[in-house]
Amino acid sequence: MKKPLLIVLALVVGLCSASSVPQPQAPAADRLTASEVVAKCAEAMGGKAKIDGLKTLRVGAVYPDHGDKTFFTEIKRPNMSYESASYLVFDGKQACLLKGMDTKSGPQLVEGADLADFDVIVGCFIPAFFDFPSDYLGAETVDGRLTHKIRPKLPHGAEMVYYIDAATWLPYKISTHMTIRGQAFDAERGFSDYKGVDGILYPHGFTYPSRDKKSVLQGRIASVEINPALDEAHFTIPKNIK
């Protein structure tokens, strides 16, 4: 079964706008490791203790091509999500529309071939390199700024490369590649407007493509809750689904 169009188009992709910043000198690639970059990013975002202590997250995002409505995503680490608009549960191994495609019928499992998309959705809200082993891919200048590339090893085949700003050590952009049902998807999402939320720097601006993929739109994060109490049912696949 196909997932709602909103999930595929609105939450996975983005393109970061150009910006000019001073360029720091990159450490030599053979003297930098993935764990070192991840540690620097964790420190920049609020410190290792804060990142390790981040267990749940509720984010309200606004996508201008969908009006002023706020779409809420709940995350439970290490790799679970719930989309309240579509009653869509992902428990890390399976995904299910709790009320069907029409939000009125019974639970329907999402095909296993689509699960790569869910790893990407979670990774857009909490950097996946905090939860999965990662590779360091070297340094690259992006939009006039030096970045370090980190690629976590996601469980369902999607490839996400994070570009970490070498000046701030905050995530600047994600480049995503995945194949779903034989169709390749390549996309990018950029991050901006970092603000402190309960001791964690969290991006409140992000970019994503228009539905026709001809332009780049600027989305915004309307609300962020760190470690809210979440309903366990939002991360539980019902048993005996026909």
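The values are calculated or read from the model by the stated rules, or taken from the named source; none is laboratory data. In this text the structure is predicted, and so the values were computed from the model without any measurement. As a convention, Cβ positions derive from the backbone with ideal geometry for all residues, glycine included, and neighbour counts pool all protein chains shown.
Residues checked against (1) surrounded by 17 or more Cβ atoms within 10 Å (Cβ to Cβ); (2) of a type in the set (V, I, T); (3) in contact with a Ser or Thr (Cβ under 6 Å, 6 or more places away or on another chain); (4) over 26 Å from D65 (Cα atoms):
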{"site": "A167", "(1), (2), (3), (4)": "no, no, no, yes"}
{"site": "T176", "(1), (2), (3), (4)": "yes, yes, no, no"}
{"site": "Q183", "(1), (2), (3), (4)": "no, no, no, no"}
{"site": "F191", "(1), (2), (3), (4)": "yes, no, no, no"}
{"site": "I200", "(1), (2), (3), (4)": "yes, yes, no, yes"}
{"site": "H204", "(1), (2), (3), (4)": "yes, no, no, no"}
{"site": "G219", "(1), (2), (3), (4)": "yes, no, no, no"}
{"site": "E232", "(1), (2), (3), (4)": "no, no, no, yes"}
{"site": "N240", "(1), (2), (3), (4)": "no, no, no, yes"}
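Just for region 197-223: of the residues that are of a type in the set (D, E, K, R) and in a loop (DSSP other than H, G, I, E, B), which one is nearest to A42 (Cα to Cα)?
Quick first cut of region 197-223, residues of a type in the set (D, E, K, R) only: 198, 211-214, 220.
This time we only want the ones that are in a loop (DSSP other than H, G, I, E, B), so: 198, 211-214.
On the way: D198: 15, R211: 33, D212: 35, K213: 32, K214: 34 Å.
It comes out as D198.
Restricting the first residue to region 104-132 and requiring it to be without any contact (Cβ under 8 Å) to a residue 60 or more places away in the chain, which pairs with a second residue that is exposed (fewer than 15 other Cβ atoms within 10 Å of the Cβ) and aliphatic (A, V, I, L, M) meet a Cβ separation below 6 Å and a spacing of at least six or different chains?
none
Given the criterion among the charged types (D, E, K, R) and in contact with a Leu (Cβ under 9 Å, 6 or more places away or on another chain), identify the matching residue among D165, D212.
On the way: D212 fails: in contact with a Leu (Cβ under 9 Å, 6 or more places away or on another chain).
Being among the charged types (D, E, K, R) and in contact with a Leu (Cβ under 9 Å, 6 or more places away or on another chain) holds for just one of D165, D212, which is D165.
Tally the residues that are surrounded by fewer than 15 Cβ atoms within 10 Å (Cβ to Cβ), within 14 Å of I200 (Cα to Cα) and touching a helix residue (DSSP H, G or I) at 6+ places or on another chain (Cβ under 9 Å), restricting the search to region 50-73. Reasoning before the result, please.
Going through region 50-73, the residues surrounded by fewer than 15 Cβ atoms within 10 Å (Cβ to Cβ) turn out to be 52-53, 55, 64-65, 67-69.
Among the residues that remain, those that are also within 14 Å of I200 (Cα to Cα) are: 52-53, 55.
Applying the additional criterion that residues be touching a helix residue (DSSP H, G or I) at 6+ places or on another chain (Cβ under 9 Å) yields 52.
Of the residues in region 50-73, 1 are surrounded by fewer than 15 Cβ atoms within 10 Å (Cβ to Cβ), within 14 Å of I200 (Cα to Cα) and touching a helix residue (DSSP H, G or I) at 6+ places or on another chain (Cβ under 9 Å).
Give region 134-146 a look and list any residue that's in contact (Cβ under 8 Å) with a residue 24 or more places away in the chain and of a type outside the set (A, V, I, L, M), or say none. Break it down stepwise before answering.
Step one: filter region 134-146 for residues in contact (Cβ under 8 Å) with a residue 24 or more places away in the chain, giving 134-139, 141-146.
Selection gives S134, D135, Y136, G138, T141, D143, G144, R145.
Tell me which residues, restricted to region 170-196, are farther than 23 Å from F132 by Cβ, of a type outside the set (S, T, N, Q) and either assigned to a strand (DSSP E or B) or touching a strand residue (DSSP E or B) at 6+ places or on another chain (Cβ under 8 Å) (or both).
D193, K195, G196
Against the definition (farther than 22 Å from L230 by Cα and either touching a strand residue (DSSP E or B) at 6+ places or on another chain (Cβ under 9 Å) or surrounded by fewer than 15 Cβ atoms within 10 Å (Cβ to Cβ) (or both)), how does D114 come out, yes or no? Give the steps one after another, and end with the answer.
Details: farther than 22 Å from L230 by Cα: yes; either touching a strand residue (DSSP E or B) at 6+ places or on another chain (Cβ under 9 Å) or surrounded by fewer than 15 Cβ atoms within 10 Å (Cβ to Cβ) (or both): yes.
Yes; evaluated as a whole, the condition is true for this residue.
Is at least one residue of region 136-151 more than 14 Å from I164 (Cβ to Cβ), in a loop (DSSP other than H, G, I, E, B) and over 21 Å from the mean Cα position of the chain (by Cα)? Quick ask: steps written out before the conclusion?
Restricting attention to region 136-151, the residues satisfying the condition of being more than 14 Å from I164 (Cβ to Cβ) are 144.
Remaining after also requiring in a loop (DSSP other than H, G, I, E, B): 144.
Still in the list and also over 21 Å from the mean Cα position of the chain (by Cα): 144.
Checking region 136-151: at least one residue is more than 14 Å from I164 (Cβ to Cβ), in a loop (DSSP other than H, G, I, E, B) and over 21 Å from the mean Cα position of the chain (by Cα).
Testing K149 on (1) of a type outside the set (S, T, N, Q); (2) in contact with a Lys or Arg (Cβ under 7 Å, 6 or more places away or on another chain); (3) without any contact (Cβ under 8 Å) to a residue 24 or more places away in the chain, one condition comes back false. Which one is that?
For K149, the failing item is (2).
(1) part of a strand (DSSP E or B); (2) on the phi < 0 side of the Ramachandran plot; (3) out of contact with any helix residue (DSSP H, G or I) (no Cβ under 9 Å at 6 or more places or on another chain): which one isn't true of A167, the others all being true?
Exception for A167: condition (1).
Here are some residues: A34, A49, A39, A44. Which one is under 18 Å from P228 (Cα atoms) and either at pLDDT 95 or above or not small (G, A, S) (or both)? Before you say what the answer is, go through the steps one by one.
Working: A34 fails: under 18 Å from P228 (Cα atoms); A39 fails: under 18 Å from P228 (Cα atoms); A44 fails: under 18 Å from P228 (Cα atoms).
Matching residue, one of A34, A49, A39, A44: A49.
Looking at the structure I just gave you, is A116 closer than 21 Å to L201 by Cβ, small (G, A, S) and under 14 Å from the mean Cα position of the chain (by Cα)? Break it down into steps so the answer makes sense when it comes.
Working: closer than 21 Å to L201 by Cβ: no; small (G, A, S): yes; under 14 Å from the mean Cα position of the chain (by Cα): yes.
Criteria not met by A116.
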